Amino acid sequence: MASSHGPSFLLPLLLISLSLISDNAVFAARRLLETTLPTVPELPKPELPPLPTIPSLSKPDMPPLTTIPSLPKPELPPLPKTEMPTIPNLQKPQVPTLPKLDAPTLPKPELPPLPKAELPPLPQVPTIPKPELPTLPHIPDLPKPTLPTIPTLPKDIPIPSLSPPHSTTSP
C-alpha cells in the first residue's frame, strides 16, 4: 500500500528551506550593493601596419568586337478596308386584330345596407359621498427641552513628554 505521509512531511521542509533562501538573498543583494568594482586600466589602441602597395598592371589589349549588321525592320502590308453591308429596313409584322365579342353584361349585385349597431347605454355608477374625517384633538404647545451641555476640556493642557523622568535601568 502507498504511504500518505509523504506530502505532509514535505510541506514543513519546503517552508523552512524557502525561509533560509530568502534571508541569504537579502544578504547577497546587500553585499552586491556595498562592493565596488575595481577600475580597469585603459589599454592602448593597436595601430595597424600600412597596407603594401600593389604594382598596377597594364590592361591587355582586347580585339575589337565584331559588328553585327542591322536588319531592316519588317513592314506589314496595310489591311484592306472592308465595307460593311447595309441592313435592309424590314417592316414590322402586323398583329391581327381580334374581333370584339358582344357578351351580355351582368348587373352588379346590390347588397342591402347593413343596420347600424346600437351600443347599449353605459350603466350609471352611483356616486358615493365623501366620508367626513373626524377632527384631530388639539395638542397643547410644549416648551422646548434644554439639552445638557457636554463638558469641554480646557485649552491650556500641558502636553506630556515621551521620555520618562526616571531611569529605566533596574537595580
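The values are calculated or read from the model by the stated rules, or taken from the named source; none is laboratory data. Please read these numbers as outputs of a predicted model, since none were measured by experiment.
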In the set P64, P78, which member is assigned to a loop (DSSP other than H, G, I, E, B) and at pLDDT below 85? P64
Condition check: of a type outside the set (A, V, I, L, M, F, W, C), part of a loop (DSSP other than H, G, I, E, B) and at pLDDT below 80. Does H138 satisfy that? no
